[in-house]
Amino acid sequence: MKKPLKLNVNGEEKQILVEPYSSLLDTLRDDIRLTGTKKGCDEGDCGACTVFLNGKPVTSCMVLAHSAHDADVITIEGLGNLDDIHPVQQAFVDYGGLQCGFCIPGLIMSATAFLKENPDPTEEEVRFGIGGNLCRCTGYSKVVEAVLAAAQNINNKR
């Protein structure tokens, strides 16, 4: 039986009815209709479903929706928009860190969280920092270039 759930998603309060066994990922995609967060492995291994839960990156497929009651959730849709694109999003566009695009939302979310913790990373640190995100299309080189460029851009704005 569905139970009430209240979330703050991308700055908007959402009150919905959700099954007790529903994951945060399924709730975001199926109930709230935010499909930028992707369902890859559904086992917490690929990182495609990464979102921020109370400011921390999580694989949303591994979080029960009801455990996020009253929480703040930021998805790729809430990170930036066309009028105010986030520097990490812009760097992925500028440096060609995109292929098919399926894993990119999770990679961008993970890279954004990583850069908050390590604003001036080395290439090796970036590779480690995005290590929980799998991509079948890229060799990660352009993704790493994009994250390094985003770090430089963010640091120049400070």
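The values are calculated or read from the model by the stated rules, or taken from the named source; none is laboratory data. Just so you know, these numbers come straight off a predicted model, no measurement behind them. Note: ideal-geometry Cβ built from the backbone for every residue, glycine included; neighbour counts use all protein chains shown.
Yes/no matrix, rows are residues, columns are (1) surrounded by fewer than 13 Cβ atoms within 10 Å (Cβ to Cβ); (2) touching a residue at least 60 places away in the same chain (Cβ under 8 Å):
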position	(1), (2)
Gly106	no, yes
Ala111	no, no
Glu125	no, no
Arg136	yes, no
Leu148	no, no
message: Val88 - would you say it is surrounded by 15 or more Cβ atoms within 10 Å (Cβ to Cβ), touching a helix residue (DSSP H, G or I) at 6+ places or on another chain (Cβ under 9 Å), farther than 23 Å from Glu145 by Cα and of a type outside the set (Lys, Arg)?
response: no
- request: Considering each residue of region 43-56, count those that are out of contact with any Phe, Trp or Tyr (no Cβ under 8 Å at 6 or more places or on another chain) and at negative phi, and give that number.
  value: 9
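Considering only residues that are among the aliphatic types (A, V, I, L, M), in contact (Cβ under 8 Å) with a residue 24 or more places away in the chain and either in a strand (DSSP E or B) or out of contact with any strand residue (DSSP E or B) (no Cβ under 6 Å at 6 or more places or on another chain) (or both), which ones fall in region 69-93?
Of everything in region 69-93, those that are among the aliphatic types (A, V, I, L, M), in contact (Cβ under 8 Å) with a residue 24 or more places away in the chain and either in a strand (DSSP E or B) or out of contact with any strand residue (DSSP E or B) (no Cβ under 6 Å at 6 or more places or on another chain) (or both) turn out to be Val73, Ile74, Ile76, Leu79, Val88, Ala91.
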Unmet criterion (only one of (1) in the same structural domain as Ile32 (by TED's automatic domain parsing); (2) under 23 Å from Lys39 (Cβ atoms); (3) touching a strand residue (DSSP E or B) at 6+ places or on another chain (Cβ under 7 Å)) for Lys56: (3)
query: Restricting attention to region 122-132, which residues are out of contact with any helix residue (DSSP H, G or I) (no Cβ under 6 Å at 6 or more places or on another chain) and part of a loop (DSSP other than H, G, I, E, B)?
result: Thr122, Gly131, Gly132
field: The listed residue being closer than 17 Å to Gln152 by Cα and not in a loop (DSSP other than H, G, I, E, B), out of Leu115, Leu107
entry: Leu115
message: Looking only at region 40-68, filter to residues that are under 12 Å from the mean Cα position of the chain (by Cα), without any contact (Cβ under 8 Å) to a residue 60 or more places away in the chain and part of a loop (DSSP other than H, G, I, E, B); which one of those is surrounded by the fewest Cβ atoms within 10 Å (Cβ to Cβ)?
response: Gly55
task: List the number of the failed condition for Gly96; all other conditions in (1) on the phi < 0 side of the Ramachandran plot; (2) part of a loop (DSSP other than H, G, I, E, B); (3) modelled with pLDDT under 95 hold.
output: (1)
